Amino acid sequence: MRVFVTGATGFIGSAVVRELIDAGHTVVGLTRSDSGAAALKEAGAQVHRGAIDDLDSLHSGAAAADGVIHLAFHHNFSDHATSVQMDLHAVETMGAAIEGTGSPFVITAHLNGEAPENAALSLAGVRSSVVSLSPSVHGKGDKGFVPMLINIARTKGVSAYIGDGSNRWPAIHRLDAARLFRRALEVAPAGSRLDGIGDEGVPLRDIAAVIGRHLNLPVVSISREEADAHFGSFLGSVAALDISAMRDTTRLSAQTRELLGWQPVHPRLLPDMEEHYFNN
C-alpha cells in the first residue's frame, strides 16, 4: 500500500514510517524542511514537500495515496483552539481527496478535537479510524510529559507528586504505538475508535520515585493548591488527574487489542525511564 503520512519526521511519526516500510508498504512522508527530507530518504521513504497548513499539498499527497495516516499537529498551548481548527481543515482536505475510494484514513485524537474526529468518521466511502494515544508516549528521544517532570525536578530540587500520588497515567512505548497505527491502517473497520495503551495506569508517585532516585533528590508530596506553582498551570492540572480512571483504560485497552490483533511488546514506562531518561 502507498501510504501518505503527515508528521512523518516526528517522535511517533518516524517510528510509524519505519514500521510501515518494514511491513512492506511504500511511505510518502510530509515534510517542510531539508533535514526532514533527508531523514525520510534515509529511512527509505519518499518525500512530499508541504506543511499542515498547506492544504493544496495535503490534498495532492492524500489523492496520490492508497491510505493516509495523519499524525501532524500544530502544538500551541497558548492557543489550542486555533490548533484544533487547523487540524480540522487538514482532515477535511485530505478526507475530500479520498472520499469514496474505500481507502483507510487514520487520524490522531487531540484534546477538544471532536470536530476533526467527527469530520473523519463521517466521510463516505472511507475506512476512517481515530487513535487516542496515552498521555505518555515514551521511548528514546521522548520530549513529552516525563522529560518535563524530570526538568522540573532538576530546577525545583525535589521530585514531586500530588496528594498520595496514586493517580495514574496510561502510557505506551512509541514502537508499540507505531505498530498500532499500522494495524489500524491495515484492518481497522470504518468508524473505529482505538486506544493506544501499553501501561493501563502508572501511579504518578512511582514516576516521581524513579526521577528522585536517579537525580538524588527528595521525593515529596505537594497539595493540589501547590501543583500549579510547582509544575506550571498546564502540567499541574494534568498531573493531578487519574486519567486511567477517567478513561476506563482497562476496558478500552482490551477492546483495541481484540479488534486489531495488537499487543504491546516493548518496555513499559518505568523500565524505559530507567534505561533511557537519565543518560545526560
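Looking at the stretch 181-190, can you tell me whether even one residue there is over 18 Å from L71 (Cβ atoms), open to solvent by 10 Å² or more (accessible area, probe 1.4 Å) and not in a helix (DSSP H, G or I)?
First pass over the stretch 181-190, keeping only residues over 18 Å from L71 (Cβ atoms): 187, 189-190.
Narrowing further to those that are open to solvent by 10 Å² or more (accessible area, probe 1.4 Å): 187, 189-190.
Checking the rest, the ones that are also not in a helix (DSSP H, G or I) come to 189-190.
Yes, there is a match, as at least one residue in the stretch 181-190 is over 18 Å from L71 (Cβ atoms), open to solvent by 10 Å² or more (accessible area, probe 1.4 Å) and not in a helix (DSSP H, G or I).
Can you list residue pairs whose Cβ atoms sit under 8 Å apart, with the first residue in the stretch 135-153 being open to solvent by less than 20 Å² (accessible area, probe 1.4 Å) and the second being in a helix (DSSP H, G or I) and among the acidic types (D, E)? Count only pairs 6 or more apart in sequence or on different chains. If the second residue must be in a helix (DSSP H, G or I) and among the acidic types (D, E), the pairs left are H138/D272; G139/D272. Within the stretch 236-258, residues that are under 23 Å from M148 (Cα atoms) sit with their Cβ atoms under 7 Å from residues that are open to solvent by 40 Å² or more (accessible area, probe 1.4 Å) and part of a helix (DSSP H, G or I), at 6+ positions apart or across chains, in these pairs: G236/D228; A240/R224. Among the criteria (1) in contact (Cβ under 8 Å) with a residue 60 or more places away in the chain; (2) within 18 Å of S128 (Cα to Cα); (3) assigned to a helix (DSSP H, G or I), the one E19 does not fulfil is (2).
Can you tell me how many residues in the stretch 86-111 are in a helix (DSSP H, G or I) and over 20 Å from L133 (Cα atoms)?
So the count comes out to 8.
How many residues does the stretch 49-84 contain that are under 21 Å from the mean Cα position of the chain (by Cα), touching a residue at least 24 places away in the same chain (Cβ under 8 Å) and farther than 16 Å from V3 by Cβ? Total satisfying the criteria: 8. Just to be sure, is S60 among the polar types (S, T, N, Q), surrounded by fewer than 20 Cβ atoms within 10 Å (Cβ to Cβ), farther than 28 Å from L269 by Cα and in contact with a helix residue (DSSP H, G or I) (Cβ under 8 Å, 6 or more places away or on another chain)? Yes.
Consider R193 carefully, then state whether it is surrounded by fewer than 22 Cβ atoms within 10 Å (Cβ to Cβ) and in a strand (DSSP E or B). In short, yes.
Residues of the stretch 251-271 being closer than 14 Å to P170 by Cα and of a type in the set (A, V, I, L, M, F, W, C), which ones?
Residues satisfying the conditions are L252, A254, L269, L270.
Just so you know, in the stretch 25-42 the residues that are open to solvent by 30 Å² or more (accessible area, probe 1.4 Å) and assigned to a helix (DSSP H, G or I) include one that is nearest to V3 (Cα to Cα), and it is K41.
The values are calculated or read from the model by the stated rules, or taken from the named source; none is laboratory data. Note that the coordinates shown come from a computational prediction; the quantities given were computed from them, not determined experimentally. Virtual Cβ from ideal backbone geometry, glycine too; neighbours counted across all protein chains shown. These area figures cover heavy atoms from the full protein model, side chains too; ligands, DNA and RNA do not enter into them. Shrake-Rupley method; radii C 1.70, N 1.55, O 1.52, S 1.80 Å.
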